[in-house]
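Undergrad: Sharing a structure here in structure tokens format.
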Amino acid sequence: MRNFKLFVFLMLLSVAPISASADVAGEENGFDWTPVMDAIIQVESKGNPMAVCGRYVGVLQISPILVKECNNILKSRGSSKRYSLSDRYNEKKSREMFVIIQSQHNPMNNIEKAIRLWNGGIKYSVAKTQKYFNKVSKHLK
């Protein structure tokens, strides 16, 4: 019986949703998003956490709708953690939101999809995101 309980516990761990306080690098699933985030940050804000362009804010130029999407994802995972609009000015929290979005909409950790998704949204167009993809790709290390 004890082995069965351990087996069930380990199985539950393997299918558990990604932590609500997603690791900034996204390494909890064995993938490090840091180089991709660093490249996007260079294109979006040149690293300025106070950068503002219309409704887009911070190093990753996060919109209010993206904050709402992160909060919806967290809620659906049973987490009580939520992000505020002011969190977009915090680089660490912005990186956490990036990882949450990728974990939900890019679970295979496809780098090209991650870049295009960040620029064009969930239903991005390859043609409309090509210039952005090329810019970000030049900054990837």
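Bear in mind these aren't lab numbers, they're just calculated from the coordinates by the rules spelled out. Keep in mind that this is a model prediction, so the values were computed, not measured. FYI the Cβ positions are ideal-geometry reconstructions off the backbone, even for glycines, and counts take in every protein chain you see.
Undergrad: Amide H to amide H under 5 Å from residue 62: which residues, 5+ apart in sequence or cross-chain, H placed 1.01 Å off N in plane?
TA: When sequence neighbours closer than 5 places are left aside, the close amide H contacts are 57.
Undergrad: Among 101-108, 115-122, how do they line up by average Cβ neighbours within 10 Å per residue, starting with the highest?
TA: Top to bottom by mean Cβ count within 10 Å: 115-122, 101-108.
Undergrad: While we're on this one: So for each of 68-79, 46-57 I average, over its residues, the number of other beta carbons within 10 Å; can you give me the resulting order with the highest mean first?
TA: 68-79, 46-57
Undergrad: Read phi for every residue in the stretch 30-39 and hand back ³J(HN,Hα) as whole Hz from Karplus 6.51 cos²θ - 1.76 cosθ + 1.60, θ = phi - 60°, with x for Gly and Pro.
TA: In residue order, the calculated couplings are x, 10, 9, 7, 3, x, 5, 4, 4, 5 Hz.
Undergrad: Strictly greater than 19 Å: what percent of every Cα pair in the stretch 28-92 meets that?
TA: That fraction is 40 percent.
Undergrad: In addition: Quick one: Karplus J couplings for the stretch 129-141, per residue in order, coefficients 6.51, -1.76, 1.60, θ = phi - 60°, nearest Hz, x for Gly and Pro?
TA: Using θ = phi - 60°, the values come out as 9, 5, 4, 4, 4, 4, 4, 5, 4, 5, 8, 5, 8 Hz.
Undergrad: If you don't mind, another one. Amide H to amide H, which residues 5 or more places from residue 83 or on other chains are under 5 Å from it, using H placed in the peptide plane?
TA: For residue 83, whose amide H was placed from the backbone, the distant partners under 5 Å are 71.
Undergrad: So what's the stretch 86-141 giving for Rg/Rh, alpha carbon basis, Kirkwood Rh from the mean inverse pair distance?
TA: Checking Rg against Rh, the ratio lands at 0.99.
Undergrad: Still on this model: Per residue of the stretch 58-64, in order, report the coupling 6.51 cos²θ - 1.76 cosθ + 1.60 (Karplus, θ = phi - 60°) as ³J(HN,Hα) in whole Hz, putting x for Gly and Pro.
TA: Listing the rounded values in order: x, 4, 9, 6, 8, 8, x Hz.
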